[in-house]
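Asks: Got a structure for you, written out below as structure tokens; questions coming shortly.
Nothing in this text is a laboratory measurement; each read-out follows from the coordinates by a stated rule. Keep in mind that this is a model prediction, so the values were computed, not measured. So basically every Cβ, Gly included, is an ideal-geometry build from the backbone, and we count neighbours across all protein chains shown.
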Amino acid sequence: MGYVCPVCDHPQHDAEHLANHLAVTALTHGDGHEAWLDEHAPGWVEESPATLGDRVASRAEETAHETVFEDTTAEGRDPDGAAPAPDTEAARAAMAEARRMRAEVVGDETGDGSDDGPEGDA
């Protein structure tokens, strides 16, 4: 049994996922999620997902929630039944951008990820 977000009606797998959804959305976008948490769960910023989940679940509508991943449904598979291959060009671009952003944070002027170890991954 899952829960429906009381702000945007997005279904969540369980109370902890609901807490994470509310908190991450509030922190990244503010909007109604932050206002709802401020009103219904004062001090939410200081809580763990588990304790916040206990507080917010009692104020959310319960719903049946089945976990479905794209590669386990007919829509997410090729006609022959195989899972779709990732777009390697987009994946490489995303990894390059992530490395660049990480370099900014840690002060690596080269941005080549050389301090990431032998594989070059963070």
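Asks: Arrange the peptides 39-50, 21-32 so that the one whose residues have, on average, the most other Cβ atoms within 10 Å appears first.
Replies: 21-32, 39-50
Asks: Just to check I understand the Karplus step: with θ = phi - 60° and J = 6.51 cos²θ - 1.76 cosθ + 1.60, what whole-Hz values come out for region 13-25, glycine and proline as x?
Replies: Values per residue, Gly and Pro as x: 4, 7, 4, 5, 5, 4, 4, 4, 4, 4, 5, 5, 5 Hz.
Asks: May I pose another question? Bin width 5 Å, alpha-carbon pairs only: give the P(r) of region 2-63 as whole percents, running from 0 to the bin holding the largest distance.
Replies: 4, 23, 37, 27, 9, 0
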